[in-house]
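For reference, the structure is listed below as structure tokens.
Here, each number is a calculation from the coordinates, and none is a lab measurement. This one's a predicted model, so the numbers in the text were calculated from it and none came from an experiment. When we count neighbours, we look across all protein chains shown, and the Cβ atoms used for this are built from the backbone with ideal geometry, even at glycine.
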Amino acid sequence: MECDKCDRDAVMVASYSGAHLCENHFCASVEKRVRRRVREDSLVPRDASPDDPDTWVIGLSGGKDSVVLTHILDETFGRDPRIELVALSIHEGIEGYRDKSLDASVELCEDLSLQHEVVSYEEELGVRMDDVVEKDPENMAPCAYCGVFRRDLLEQYAEELDADKLLTGHNLDDEAQTALMNFLEGDVTQVAKHFDASIGGFEERALTDDFVPRAKPLRDVPEKEVALYAHLKDLPAHITECPHASEAYRGEIQQLLLKLEENHPGTRHSIMAGYEELAQMAAQQYRGDGDENVELNECERCGSKTGGTVCRKCKLVEAVEAV
Ligand code: SF4
Ligand SMILES: [Zn+2]
Ligand SMILES: [Zn+2]
């Protein structure tokens with residue numbers, strides 16, 4: 001089959017759009033979608049300048065999504081003096097998994113001559129995920145601990161690196177899954193928070209000084225296309241899944257969405273189009289009467305922001321240490 005734009009062989013067919021694209025035109029179309037998202041979400045502030053650049057910290061796990069995001073952002077902004085890019089990797093302490101993906105991250109940042117910071121649970125919190133899983137003091141899924149730790153460390157380091165934005169590699173499938181999960185859980189405040197936290201454009205969001213705002217420039221690109229892009233560009237991405245991956249509900253939703261997409265191409269795009277509009281309305285409605293009004297304190301132990309006196313991360317670490 002030929003490419004729609006030239007006479008080379010197509011490497012992919014997008015059933016949701018009917019497009020057939022060759023390697024070059026496919027890669028260009030992925031890059032174009034990321035750049036359009038950066039523009040539409042107003043990620044580059046109007047007043048960013050070489051004297052006062054906007055600092056973007058990229059959460060780089062070494063998996064295909066964050067590797068592709070880092071690569072495209074570096075191609076687009078690597079020589080733009082208004083933007084400073086820094087990659088940040090978290091080492092959870094999961095035997096046989098994170099070491100390899102960290103190697104991929106190191107290799108990528110060396111290739112791109114990008115500043116790269118690595119933070120580990122062990123050094124920062126004194127616990128490794130492997131120990132947490134073994135002790136499991138709260139009787140929770142591994143990801144429930146890991147998510148709290150990761151969020152806290154990303155936030156802490158983004159602040160230390162003077163980040164204006166924290167960018168993550170969530171793709172279209174990830175976001176459509178989250179959207180559907182929020183619907184199915186019937187949690188409209190969660191939908192509202194999702195808008196202000198990461199999916200609204202920077203000109204429509206209510207931003208607070210409490211947290212470094214997030215953005216997901218890869219969220220228009222389906223997972224399969226991210227994987228194909230990483231493969232075609234021969235990027236050093238690590239593919240193995242974390243052995244503790246345990247978000248069972250998300251897995252069910254993922255299967256459901258893949259099935260729907262197969263029978264009704266375009267489902268993920270239409271979910272997100274409707275969801276974003278609803279999320280914006282929900283955000284406007286719920287702003288100011290949720291817990292964002294709660295004064296945040298500094299955690300007594302670590303100084304992170306928390307609604308109470310000791311943050312969730314410190315409580316979890318303490319529970320693990322007590323076993
Ligand atoms: S899958 Fe779960 S345990 Fe593994 S790195 Fe991700 S959040 Fe952590
Ligand atoms: Zn072509
Ligand atoms: Zn704390």
Phi angles of the stretch 99-108, converted by Karplus (6.51 cos²θ - 1.76 cosθ + 1.60, θ = phi - 60°) into ³J(HN,Hα) in whole Hz with x for Gly and Pro, give 4, 5, 6, 5, 4, 4, 5, 5, 4, 4
Full extension from H231 to K135: what is 0.36 nm times the residue separation minus their Cα-Cα distance, to one decimal in nm? 30.8 nm
Could you state the number of Å between the C-alpha centres of the stretch 24-66 and the stretch 222-287? 19
Report, ordered by chain and residue number, the lysines lying within cross-link reach of K233, taken as a straight Cα distance under 24 Å and ignoring same-chain residues fewer than 8 apart. K5, K32, K64, K100, K216, K224
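Taking the Cα centre as origin and putting +1 on Lys and Arg beta-carbons and -1 on Asp and Glu beta-carbons, what dipole magnitude results for the chain, to the nearest 20 debye?
Taking the Cα centre of the chain as origin, the dipole is about 840 debye.
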By how many nm would the segment from R151 to E321 lengthen if fully extended, with 0.36 nm per residue of separation less the alpha-carbon distance? 59.2 nm
According to a simple spin-label model (label point 7 Å from Cα along Cα-to-Cβ), what is the distance in nm between S49 and D162? 1.6
Explain nothing, just compute: Karplus ³J(HN,Hα) = 6.51 cos²θ - 1.76 cosθ + 1.60, θ = phi - 60°, for every residue of the stretch 59-66 in order, whole Hz, x for Gly and Pro. x, 10, 8, x, x, 4, 5, 6
Built amide H within the under 5 Å cut-off of E117, gap 5+: A87, L88, S89
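Mind running the shape call on the stretch 96-163? Use the C-alpha gyration tensor, a ≥ b ≥ c as the square roots of the eigenvalues: rounded below 1.5 for a/c, prolate if a/b tops b/c, oblate otherwise.
oblate
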Taking H as built 1.01 Å from N, whose amide H comes closer than 5 Å to the amide H of I83, not counting residues under 5 places away? D54
Suppose the chain between A144 and C6 were pulled fully straight at 0.36 nm per residue; how much longer would it get relative to their current alpha carbon spacing? 44.9 nm
Rounded to the nearest 500, what is the chain's calculated 222 nm mean residue ellipticity when only DSSP H runs of at least 4 contribute -39500 (n - 2.57) each, over all residues? -15500 deg cm²/dmol
Bin width 10 Å, alpha-carbon pairs only: give the P(r) of the chain as whole percents, running from 0 to the bin holding the largest distance. 5, 23, 34, 27, 8, 1, 0
Can you tell me what share of the DSSP beta bridges in the chain is antiparallel? A percent to the nearest 5 is fine. 30
Can you compute 3J(HN,Hα) from phi for each residue in the stretch 123-137, using the Karplus curve 6.51 cos²θ - 1.76 cosθ + 1.60 with θ = phi - 60°, rounded to whole Hz and x for Gly and Pro? 6, 7, 10, x, 9, 10, 4, 4, 5, 4, 5, 5, 7, 5, x
The answer for R8, listing residues at least 5 apart or on another chain whose modeled amide H is closer than 5 Å to its amide H, is C3
